[in-house]
Amino acid sequence: MSRLAGTDRRRRVYLMRHGEVEYFDADGRPVDPRHVTLTERGCEQARAAGMLLRDVPFDDAIISGMPRTAHTANLVLDGRALAVREEPRLKEIRAGRLAAVPLERREEIITRAYDRAGDPGASFIGGESWEDFQRRVLEVWHDFMQTEGWANLLVVAHDAVNRIILSHVVGASLHGLKAFEQDPACINIIDVDVDAGKIEHAFIRAANLTAYNLAAHANHHTVMERISAQFRAG
């Protein structure tokens, strides 16, 4: 089994969120999230992440298959001879129809979408249930660990996907999602000790690291607060 230099069985996962996209058109109408692509700023963010990771010898690269993850991964890898594989189970959680959210509660429900993830029967803004979503994401996570041949793995996924993995690593399950902010093109670094395909120990070396703004200067709003503001602006 491949391992990090100087260790017995340690591996490293570079878990990224895709770069910036626009989820609403100029009139404030939601755009189909299956097809949104990176903005120019999103491309710059991904390139900055690629520069930060330029010396990492990736053995494998996995994306969710959504265009925004493919574009981000291509910019991060910047022409490396490394095939990018799609894993559909890493697609973002599916929301319900935003227009169906009561107007008087719209801001609260959108901005606090992660706060009630651990409640029994909870779903993401009336869409996919959190328990079902957690199950499919963690299936992939454990599949990664059972796969041989890599020491450094790049995964480009989504806000809620990354939160599921990070919260799982620290043992907080769905109740911890609200604490793991994931800005566009952020990098999370997770080290994992694996023995016979099973995780013995895992820890986070970095979370929500944004190469284009390391100090998070002037970044005072959460991802969901920004989405809510864009929706209101329309």
Segments 71-83, 152-164 sorted - mean Cβ within 10 Å per residue, highest first: 152-164, 71-83
Roughly how many percent of the accessible protein surface of the chain is carbon and sulfur, given a 1.4 Å probe and a whole-percent answer? 49
Region 159-227 and region 92-126 have their Cα centres apart by a whole-number Å value of 21
Where labels lie 7 Å past Cα in the beta-carbon direction, separation of ARG136 and GLN230 in nm: 2.1
Using the Cα centre as the reference, give the magnitude of the dipole from point charges on the C-beta atoms of region 132-181 (Lys, Arg: +1; Asp, Glu: -1; all else neutral), rounded to the nearest 20 debye. 160
Compute the angle between helix 40-52 and the longest alpha-carbon principal axis of the chain, please, reported from 0 to 90 degrees and rounded to the nearest 10. 20
Determine the sum of side-chain charges near HIS221: Lys and Arg each +1, Asp and Glu each -1, restricted to other residues whose C-beta is under 12 angstrom from that of HIS221. -2
If R0 is 30 Å, what FRET efficiency do you get for SER173 and ALA81 from their C-beta distance, rounded to 0.05? 0.20
What length, rounded to one decimal in nm, is gained on full extension from ASP191 through to ARG205, with 0.36 nm per residue of separation minus their alpha-carbon distance? 4.3 nm
Computed, not fitted: 222 nm per-residue ellipticity of the chain from DSSP H runs ≥ 4 (each -39500 (n - 2.57)), nearest 500, equal to -9000 deg cm²/dmol
Segment ARG34-HIS221, length gained on full extension (0.36 nm per residue, minus Cα span): 64.9 nm
Just want to confirm a number: the relative contact order over the chain, from Cα pairs under 8 angstrom separated by 6+ residues, in percent. 30
Report the calculated FRET efficiency for THR147 and LEU4 (r = Cβ-Cβ distance, R0 = 22 Å), to the nearest 0.05. 0.90
Excluding ligands and nucleic acids, what accessible area in Å² is computed for ASP55 using a 1.4 Å probe, to the nearest 10? 130
Rounded to the nearest 10 degrees, what's the angle between the helix 223-233 long axis and the longest principal axis of the chain, both from Cα atoms, 0 to 90? 30
Solvent-accessible area per residue, Å², over region 1-114 with all protein chains present [probe radius 1.4 Å]: 55
Relative to the longest principal axis of the C-alpha atoms of the chain, give the angle of the C-alpha long axis of helix 159-169, reported between 0 and 90° and rounded to the nearest 10°. 50
TYR114 accessible area, assembled protein chains, probe 1.4 Å, Å²: 10
Only one of the values (i) 25; (ii) 38; (iii) 30 was calculated from this structure for percent of Cα pairs over 29 Å apart; name its label. (i)
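The values are calculated or read from the model by the stated rules, or taken from the named source; none is laboratory data. Since the model is a prediction, treat every value here as computed from it, not as a measurement. Positions of Cβ are generated from backbone atoms using ideal geometry, with glycine treated the same way; all protein chains shown enter the neighbour counts. All accessible areas refer to the heavy atoms of the entire protein, side chains included, with ligands and DNA or RNA removed. Shrake-Rupley method; radii C 1.70, N 1.55, O 1.52, S 1.80 Å.
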